[in-house]
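Encoded as structure tokens, the structure appears first; notes follow it.
Nothing in this text is a laboratory measurement; each read-out follows from the coordinates by a stated rule. Since the structure is predicted, the reported quantities are computational estimates derived from the model, not experimental observations. All Cβ positions, even for glycine, are placed from backbone atoms using ideal geometry, and neighbour counts span all protein chains on display.
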Amino acid sequence: MRGGTPGEIERLDSQAALTFEKELFLLRALGIDSASRIAEIGSGSGAVTERLVRAFPGVSLFAVDPDSDLLAAARLRPGLAAKIDSAVSLVEGTCESIPLSDNSMDVAIVRYVFQHLLNPVVGATEIMRILRPGGRIVVIDSDAQLWGACSPYTPELMEIHARAADSQESRGGDRYVARALTRILQTAGYVGASLHSFAVSSDEVGLEPFAAIMNPENLLPHVESGLITMSEYALVLKDYQRFVADPTHVVMSLGFLATATTPGLPATPTVTARMA
Ligand SMILES: C[S@@+](CC[C@H](N)C(=O)[O-])C[C@H]1O[C@@H](n2cnc3c(N)ncnc32)[C@H](O)[C@@H]1O
């Protein structure tokens, strides 16, 4: 990851700032509110934890991440610091081993974590253990083939980006995980799995919030590892500068939310039921 932990914190903040409001629209439609006991698994730097606490005042939130540096950064957030150990807990743990008792949560939110897991079914199964019967899992993730769209668009350069995305596969993750999410939840034994998408366009929010995800410098670790050549990087950089300078530019990014409930008591409403 470019920039080590500080770079990762900045990237996670930009990413949350870009799409959290769209995700929140879906979370509310699913019936999640301040009364929900929420576990956020793989909470990272707390970028979303802080936004969840702001969106659902008084909520009881238990956040878990294996990275002690990111947890330490989360503890320093102004919106979390005063609430830690009362309404909010930030604890070391993983998807596969969550330090919570059985049936203790109403909702689990797992955002951009499943793409990093060797076996997401194992994580989904452990999350089922901590959810009450009828409790809801919400998994938010991306699919590298459906990242979004931009124009002007240079198809010849897409293979370079795809190569970077595919390198995660060789480390055991899955950058195309969004298409597999409903099946992962079904395989783990959840019921009523459904998939939803959310999009954000630079015509809504401007180009600046997209900078962190579009920045060609994100490819630098792949240049260092030899996966991408310097001349390929120079082509991507030039293309990006041309894109930014074009007054007609537009970029749209796409994310996915899969949700399902544990078997048992009636769940909170489905998105479709709420919208009907
Ligand atoms: C891309 S970050 C997302 C962080 C946060 N969910 C957000 O959206 O801002 C991925 C996070 O997953 C965490 N992670 C990696 N492996 C994990 C595992 N096995 N269980 C839980 N979290 C994990 C990392 O430490 C990191 O904080």
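Brief remarks follow.
- Between 0 and 90 degrees, the angle of helix 230-245 with respect to the longest Cα principal axis of the chain falls at about 80 degrees.
- Selection from Ala124, Ala29, Ser45 lying farthest towards where the dipole of the stretch 1-154 points positive, charges on Cβ: Ala29
- For the stretch 101-154, the dipole from Cβ point charges (+1 on Lys and Arg, -1 on Asp and Glu) about the Cα centre works out to 80 debye, to the nearest 20.
- Among the trypsin sites (Lys or Arg not before Pro) in the stretch 142-179, those placed in a DSSP loop whose Cβ has at most 16 other Cβ atoms within 10 Å are Arg171.
- The magnitude of the dipole of the stretch 1-132, with charges of +1 and -1 set on the Cβ of Lys/Arg and Asp/Glu and taken from the Cα centre, is near 340 debye.
- Cα-centre dipole for the chain with unit charges at Cβ (Lys and Arg positive, Asp and Glu negative), debye to 20: 800 debye
- The chain, relative contact order in percent, only Cα pairs under 8 angstrom and at least six apart counted: 23 percent
- Angle in degrees between helix 4-29 and the longest Cα principal axis of the chain, rounded to the nearest 10: 60 degrees
- Gyration tensor verdict on the chain (Cα atoms; rounded if a/c is under 1.5, prolate if a/b is larger than b/c, oblate otherwise): prolate
- Fraction of alpha-carbon pairs over 18 Å apart in the stretch 34-131 - percent: 39 percent
- With contributions of -39500 (n - 2.57) from each DSSP H run of at least four residues, the per-residue ellipticity at 222 nm computed over the chain stands at -12000 deg cm²/dmol.
- Linear extension gain, Glu224 paired with Thr187, 0.36 nm per residue minus alpha-carbon span: 9.5 nm
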